[in-house]
Amino acid sequence: MSNQDILDAATLKQDDALIPQSGWFERSETLQKLRKNKKFPTIWCSGCGIGIVMGALIRAIDHLGLDNDKVALVAGIGCTARMPVYMDFNTLHTTHGRALAFATGLKIARPDMKVIAIMGDGDALAIGGNHFIHAARRNMGITALVVNNAIYGMTGGQYSPTTPLGGRATTAPYGNVEPPFPICDLAIAAGASYVSRSTVYHALELDKFLAEAIAKEGFSVVEAVSYCHTTFGRFNKLGTAADMLRSLKDNSIPRSALERLTPEERAANTKIVRGNFVNVDRPQYTQVYSNLVTRVQAGER
Amino acid sequence: MTVKLMQGNDAIGWGAIAAGCRFYAGYPITPSTEVAELLSRELPKVGGKFIQMEDEIASMAAIIGGRVGGLKSMTATSGPGFSLMQENIGYAVMTEIPCVVVDVQRLGPSTGQPTAASQGDVMQARWGTHGDHPIIALSPTSVRQAFDLTVKAFDLSERFRTPVILLADEIVGHMREPVDLPDFKSIHIFEQQVTDSPADYKAFRNSPGDVPPLAAFGTGYRYHITGLFHDEVGFPTQRLDEVDPWLERVNTKLDKHLDEITFLEEDYQEGARVALLSYGASARTARHAMKLARQKGIKVDLLTLLTIWPFPEKQVEALGERVERIIVPEMNLGQLAYEVERMVGRKKVRRVVRANGEMVTPQMVLDAMEN
């Protein structure tokens, strides 16, 4: 089975080893990864997609069989960045936009750890945009999980770097006039080793992409397209959470399906393209630096 | 060791190595860059790590992340970069992550004059980040002190789980003096000792003691760190019964140990009616002026502050009771003089200030003594 086949939702098979079986949650020790005692319920609005991404992340880590002690979740500020507090790993909730910079220091100090930076679209691409491209350029061994709900949710619905043109927000009352960032294209251009996109409707696909990303040595990016029904959805009359979730199903297309279209059809596509876009092996920063230390200590000038 | 001609910035780099610093993240900026250059060369030799980040915000974030992972960490910068670091310095205060921030002060505000000397960041070091908070700032007056105080900065940051600012200046940073550094093996600084089991560990416990030990990530102690107000295990909280004990502990943890934090040099003369009080490069001016005055037969006290923050209130207050006038030379418009005035009253304090990139001269100090 080719990588592409695995990644196509259309060809997902329930018996695929990467896909958790039904009833997994009840049987799985995954539940232990939640800090049950204090922090629940979550701060997220009922119907929010971020919880789906958290579930996918837990399943991906569980699938990889990682030691909780060797996993660090680093987050900035925002709705998405609250995710780590609910999970039983080494969790670092930092300042707005800086998750990747903190994660860089942590990864350098602990190359043996899996470091996952969890960010929203504003956190990762506006205030944190510089850190995003440089972490990718360095091929730092970090997984960047970007939950893209196209809005600043926590502050009440201001337009973000991924708000669509024309979209209404509290700071774009006449419609957004700024073109959005294509997150995956940016990550690819900056040099990420692994780049995938899916949506919170396609939760099992997210599991798979996250597992692949976390397993990757170099800088990996997973864009999880979500929605904010309480702000963006309300301002733009997009309906309930269920309506917005359904629209992710109706308005997204697997990359392989896109590639079967004619060039004209492809050019006219406005749907969210799901799939893996890059999966290459490049020298990972902490390994390269470790080699440098070895050389220097051997007396090389 | 042997005597070497060395500039202050290099002494800071060597002080970091001697103190066990094994991670440096920084961004080039005059007049601090030599610190980064030395550590990029020397850290790999001792198994340490160096990275040049994309800006000072990232540098500050990275060293906190590095310390969370267990490496003693430092960054160095100057005024504009120090301004960019302020938010994450507050994060280090809030999360009680030890780290050392070197600020080799240059003339500001803004880009100012990158190669000109200044002591204009005294108040930025104290209050640059938002919110009430404790902070330690040390200020060297010589190349050897640049080494010694860097070592001290690491020791205090670990002992009190707080960022420590090494408030150097362009003159001390770029000045070359012969120094005989101690054997690095003879240098011991405070090491975290976590005795609780992971199940019992509370990274932010409020008792017993002022400063709970810090466990590194990846060592079996899984816990939460946040810049939000948090409870003893690190979870965000708004409950006053959890927030108030934290506030009480953190905002008094330095006050209870001032004798371990306060470094100063007193050169007092019986019967002196005037005192000179200074720090950093300006302390060299003050010492020169003291010698000239004493040669003329004028009795004068000299107090050199190596610890700027917490401000040595008790010692300055006592000095105010000894003398009629305290002269405070500094390369700003009187930032530390505010503090001296707060302790002894405005009428007793004579500011001798310069904020144009030039040093205060001994003659300016002598003039202030006589008029």
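Here are the numbers for this structure:
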{"item": "B:VAL35 vs. criteria under 17 Å from the mean Cα position of the chain (by Cα), in contact (Cβ under 8 Å) with a residue 12 or more places away in the chain and either buried (at least 23 other Cβ atoms within 10 Å of the Cβ) or outside the structural domain of B:ALA168 (by TED's automatic domain parsing) (or both)", "result": "yes"}
{"item": "Qualifying positions in the range A:94-111 - open to solvent by 10 Å² or more (accessible area, probe 1.4 Å) and either more than 7 Å from chain B (Cβ to nearest Cβ) or under 24 Å from A:PRO41 (Cβ atoms) (or both)", "result": "A:HIS96, A:LYS107, A:PRO111"}
{"item": "Residues (open to solvent by 30 Å² or more (accessible area, probe 1.4 Å), touching a residue at least 60 places away in the same chain (Cβ under 8 Å), in contact with a Lys or Arg (Cβ under 9 Å, 6 or more places away or on another chain) and away from chain B (no Cβ under 14 Å)) located in the range A:50-68", "result": "A:HIS63, A:LEU64"}
{"item": "Unique match (being farther than 30 Å from A:PRO283 by Cβ and touching a strand residue (DSSP E or B) at 6+ places or on another chain (Cβ under 9 Å)) among A:ILE151, A:ILE214", "result": "A:ILE151"}
{"item": "Condition met for B:ALA11 (touching a Ser or Thr at 6+ places or on another chain (Cβ under 9 Å), modelled with pLDDT of 95 or more, within 17 Å of A:ALA109 (Cβ to Cβ) and not in a strand (DSSP E or B))", "result": "no"}
{"item": "Residues of the range B:99-111 satisfying the condition of being open to solvent by 10 Å² or more (accessible area, probe 1.4 Å) and either touching a residue at least 40 places away in the same chain (Cβ under 8 Å) or not in a loop (DSSP other than H, G, I, E, B) (or both)", "result": "B:ARG106, B:LEU107"}
{"item": "Every pair of residues 6+ apart whose Cβ atoms lie under 6 Å, when the first sits in the range A:69-89 and is more than 10 Å from chain B (Cβ to nearest Cβ) while the second is assigned to a helix (DSSP H, G or I) and open to solvent by 10 Å² or more (accessible area, probe 1.4 Å)", "result": "A:MET83/A:MET54"}
{"item": "Residue, farthest from the other protein chains (Cβ to nearest Cβ), within the range B:210-236, restricted to residues that are of a type in the set (Gly, Ala, Ser) and within 18 Å of A:ALA99 (Cβ to Cβ)", "result": "B:GLY234"}
{"item": "Residue ranges of strands (runs of 3 or more DSSP E) in the range A:218-301 with at least 1 members open to solvent by 50 Å² or more (accessible area, probe 1.4 Å) and touching a Gly at 6+ places or on another chain (Cβ under 9 Å)", "result": "none"}
{"item": "Residue among B:GLY334, B:GLY345, B:GLY320, B:GLY357 that is surrounded by fewer than 16 Cβ atoms within 10 Å (Cβ to Cβ), free of Cβ contacts under 8 Å to residues at least 60 places away in the same chain and among the small types (Gly, Ala, Ser)", "result": "B:GLY345"}
{"item": "Check on A:ALA135, open to solvent by 60 Å² or more (accessible area, probe 1.4 Å) and farther than 19 Å from A:GLY49 by Cβ", "result": "no"}
{"item": "Residue under evaluation B:ARG22, criteria (1) out of contact with any Gly (no Cβ under 6 Å at 6 or more places or on another chain); (2) open to solvent by 30 Å² or more (accessible area, probe 1.4 Å), criterion not met", "result": "(1)"}
{"item": "Unique residue being surrounded by 19 or more Cβ atoms within 10 Å (Cβ to Cβ), over 18 Å from B:VAL68 (Cα atoms) and away from chain A (no Cβ under 14 Å) when the list is B:LEU247, B:LEU156, B:LEU240, B:LEU166", "result": "B:LEU166"}
{"item": "Single residue of A:SER256, A:SER290 found to be under 30 Å from A:ILE108 (Cβ atoms) and in contact (Cβ under 8 Å) with a residue 60 or more places away in the chain", "result": "A:SER290"}
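Condition check ((1) open to solvent by 50 Å² or more (accessible area, probe 1.4 Å); (2) over 18 Å from B:CYS21 (Cα atoms); (3) of a type in the set (Gly, Ala, Ser)) across all residues:
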site	(1), (2), (3)
B:PRO178	yes, yes, no
B:ALA199	yes, yes, yes
B:PHE204	no, yes, no
B:SER207	yes, yes, yes
B:VAL211	no, yes, no
B:ALA216	no, no, yes
B:TYR221	no, yes, no
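The values are calculated or read from the model by the stated rules, or taken from the named source; none is laboratory data. Small disclaimer: the values here were computed from a predicted structure and weren't measured. FYI the Cβ positions are ideal-geometry reconstructions off the backbone, even for glycines, and counts take in every protein chain you see. Note: areas computed on protein heavy atoms with side chains; ligands, DNA, RNA excluded. Shrake-Rupley method; radii C 1.70, N 1.55, O 1.52, S 1.80 Å.
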